[in-house]
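The values are calculated or read from the model by the stated rules, or taken from the named source; none is laboratory data. Keep in mind the model is a prediction, meaning the values are calculated, not measured. Don't worry about glycine lacking a Cβ; one is built from the backbone with ideal geometry, like all the others, and counts go over all protein chains shown.
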């Protein structure tokens, strides 16, 4: 779907968790440049972190409420701050504002940068979810492997040296054992670690790109807005108007069908 072309773009990052301070605004502001504004929002009700399908599911209502708020405030694109892309498809139904998921976006970028790519995520239990995402994106044949560092999301920054060492080890095994030629972080909590992983691999003679999904999704979102593009409303039509009980904060979504 085409939208009016705009050289000044406001992208909002929506963290679908309730843990305050997980996403530091200063880190997002560092990605700004003339013509690009980056803002941040968190959900009011939901999980402390997302490491299961259940937690992803209960994060969706709050995420959709923040998408509606972003639209009201004139934001031009939203990036959902989780590699599981919770709420991505329903969010695209309730607005013509561009909505991006770092999981989907990151996989497509990694697939463009190497013949095959591997995802390095936090917990082993998430491996099936990433394999499912790759299938949904039509990229199963490009997915070399999904590997985990077995460090919970909220513990990634407790010992950055240990986290980096685990990333380098799993990245090395992804390349040497699984044939990966590009790597993708499987958790947005790893934002900012791409250079450390790449340098660690270069020290072992391994030269592959490392996709940091949040910066990547932000800049791709800004580029799509500037190109006048958003999601297809044929693929993501507005939801039908019908009774909705217990979700008053989402009631404005039903007005989309009448626009």
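Kindly indicate which of 39, 52, 15 is out of contact with any strand residue (DSSP E or B) (no Cβ under 9 Å at 6 or more places or on another chain) and outside the structural domain of residue 153 (by TED's automatic domain parsing).
52
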Original post:
List the pairs whose first member sits in region 154-169 and is in contact (Cβ under 8 Å) with a residue 40 or more places away in the chain and in the same structural domain as residue 191 (by TED's automatic domain parsing), whose second member is loosely packed, with under 14 Cβ neighbours inside 10 Å and outside any helix (DSSP H, G or I), and whose Cβ atoms are under 8 Å apart, counting only residues at least 6 apart or on separate chains?
Top reply: 154/48
**OP:** Say whether the condition of being free of Cβ contacts under 8 Å to residues at least 24 places away in the same chain and out of contact with any strand residue (DSSP E or B) (no Cβ under 8 Å at 6 or more places or on another chain) is met by at least one residue in region 56-63.
**Re:** yes
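Could you tell me which of the residues 163, 95 is part of a loop (DSSP other than H, G, I, E, B) and crowded, with 20+ Cβ neighbours inside 10 Å?
One residue alone meets the criteria, 95.
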Original post:
What single numbered condition from (1) free of Cβ contacts under 8 Å to residues at least 40 places away in the same chain; (2) farther than 27 Å from residue 12 by Cβ; (3) in contact with a helix residue (DSSP H, G or I) (Cβ under 6 Å, 6 or more places away or on another chain) fails to hold for residue 212?
Top reply: (2)
**OP:** Identify the single condition in (1) buried (at least 20 other Cβ atoms within 10 Å of the Cβ); (2) touching a strand residue (DSSP E or B) at 6+ places or on another chain (Cβ under 7 Å) that residue 191 does not satisfy, given that it satisfies every other one.
**Re:** (2)
**OP:** Go through region 64-85 and give me each residue that's out of contact with any strand residue (DSSP E or B) (no Cβ under 6 Å at 6 or more places or on another chain) and surrounded by 15 or more Cβ atoms within 10 Å (Cβ to Cβ).
**Re:** 64, 65, 68, 69, 71, 82, 83, 84, 85
**OP:** State all residues of region 6-32 that are under 15 Å from residue 157 (Cβ atoms) and assigned to a loop (DSSP other than H, G, I, E, B); if no residue qualifies, say none.
**Re:** 17, 19, 20, 21, 22, 23, 24
Original post:
Do we find that residue 224 is within 29 Å of residue 96 (Cβ to Cβ) and not assigned by TED's automatic domain parsing to the domain that holds residue 30 in this structure?
Top reply: no
Original post:
Out of 244, 202, which single residue is loosely packed, with under 14 Cβ neighbours inside 10 Å and either in the same structural domain as residue 46 (by TED's automatic domain parsing) or in contact (Cβ under 8 Å) with a residue 12 or more places away in the chain (or both)?
Top reply: 244
